[in-house]
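Before any comments, here is the structure.
The values are calculated or read from the model by the stated rules, or taken from the named source; none is laboratory data. In this text, all values refer to a predicted model and were calculated from it rather than measured experimentally. For neighbour counting, all protein chains shown are included, and Cβ atoms are generated from backbone atoms with ideal geometry for every residue, glycine included.
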Amino acid sequence: MVQHPKVLLVDDDPDLLELYQEMLSRLPSQPEVRTADSGARAIAVLESDNFALLLSDLNMPMMNGLEVLSIVRRKFPQMRTAVMTSTIDSQFRTRAYAMGLDLYLEKPNTTQATQLFLDCIEALLGQESHVGFRGMQSKSLVDIVQLECLSQSSAVLRISNGFREGRIWFQNGEIIDATTEDLAGESAFRLILSWRTGNFELLPEEPNHPRAIFISYQGLLLETAQALDENLAVAGSGPSSFHAAEKESAETVPAPAPSKVEELGRHPGVEFIMALDPSGQSPQCWAAENPESLAIWTRQTLDGFARLGDEMAWGRSFELLALGIQRHVAMSGEPSARLCVGFERSMTTTQIRETMLELKTKWAS
């Protein structure tokens, strides 16, 4: 008989308990998900059966998630533990990891964040592996970095790989700097992401740390992945030769000349960019998560407003701006610069309009 892992889900909100129980039950490992509506009830349930994972809300009355974690660490030291919260608090994160937590998760509020959330839980339920990082044995460092960005973290990620150590600075979900060995900035980030195993630790944020990386995290991860693929092909599968090739590339080999859309994408504050030719049939995209869907949506939106402009005699040159929780999006309907651009959520409307003017001018030139 196949033994399915048992998961205990703890939250004082009954609606969330039902929602997360349903989501977790559909994981590939098909866990048996039981629930508890308080910390005290959770401890009692844990003592009645063998569980593979405890997933607890952080903010609960009477006994919060950290208090539950403290008891579980003493009574059930082999059990995997994770906490989830809707409140972003770097001090809680640091305390939780110091107590031996496997994973600290923000409650997801987007499709991408939900999928990453479920992937992380599935990784904790999987078999032990020698590839990966503490808390996510089947996850790469890219996944860990992406999780920090999606949760809009402000912290310092310290990564150790044997005798090597690196640090990545996050500010409101953006990567602002990285250092390792004698490298800094983007070159250090590329080298750190070539490490396949190790340990990580979340340290408190450093609010005054100077920014050395200005590209969006999506663009940075995209360019890093491309560079790693190229270096892996050149260096072969040996870890030492791979490390040497990546370090040499990071230090001495110039990056290939970027395309026009890639050059615009590296503008400070830009997260992604989609450019369409006047016919709208040959989109060029940089750092977008779903380029095909984005191209369809951009084309339909621009064409729809162009028709409205014709009907209202406004003309076909216009600009749209939408402000969102995760990011802001702006569109240009000018025939010579049909663009859809994603911006960091920290950008003001004035900064977005100024940047769009600069991007349209460069694209049309």
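The condition (being outside the structural domain of Gln171 (by TED's automatic domain parsing), farther than 18 Å from Ile215 by Cα and under 23 Å from the mean Cα position of the chain (by Cα)) is satisfied by just one residue among Leu357, Leu308, Leu294, Leu321: Leu294. For the range 13-25, state whether one or more residues are of a type in the set (S, T, N, Q) and in a loop (DSSP other than H, G, I, E, B). No, that holds for no residue.
In the set Glu201, Glu230, only one residue is farther than 20 Å from Glu271 by Cβ, at pLDDT below 80, in a strand (DSSP E or B) and not hydrophobic (A, V, I, L, M, F, W, C); that residue is Glu201. Restricting attention to the range 250-283, the residues that are at positive phi and modelled with pLDDT under 65 add up to 1.
All conditions in (1) more than 24 Å from the chain's Cα centre (by Cα); (2) at positive phi; (3) surrounded by 16 or more Cβ atoms within 10 Å (Cβ to Cβ) hold for Ala313, with the sole exception of (3). Within the range 78-85, is there a residue that is surrounded by fewer than 16 Cβ atoms within 10 Å (Cβ to Cβ) and under 30 Å from Arg327 (Cβ atoms)? No, the conditions are met nowhere in the range 78-85. The set of residues from the range 35-85 being part of a loop (DSSP other than H, G, I, E, B) and in contact (Cβ under 8 Å) with a residue 40 or more places away in the chain comprises Asp49, Asn50, Phe51, Ala52, Met60, Pro61.
Would you mention how many residues in the range 18-62 are of a type in the set (Lys, Arg) and within 17 Å of Val72 (Cβ to Cβ)? Before you say what the answer is, go through the steps one by one.
Looking only at the range 18-62, we keep the residues that are of a type in the set (Lys, Arg), and these are 26, 34, 41.
With within 17 Å of Val72 (Cβ to Cβ) added as a condition, the list becomes 34, 41.
Residues meeting the conditions: 2.
Could you pull out the residue among Ala275, Ala306 that is small (Gly, Ala, Ser), over 26 Å from Thr110 (Cα atoms) and surrounded by 13 or more Cβ atoms within 10 Å (Cβ to Cβ)?
Ala306
Scanning the range 329-354 for residues that are part of a helix (DSSP H, G or I), under 20 Å from Ile215 (Cβ atoms) and touching a residue at least 24 places away in the same chain (Cβ under 8 Å) turns up Gln351, Ile352.
Selection over the range 331-350 of residues that are within 24 Å of the chain's Cα centre (by Cα) and farther than 11 Å from Leu302 by Cα gives a count of 8.
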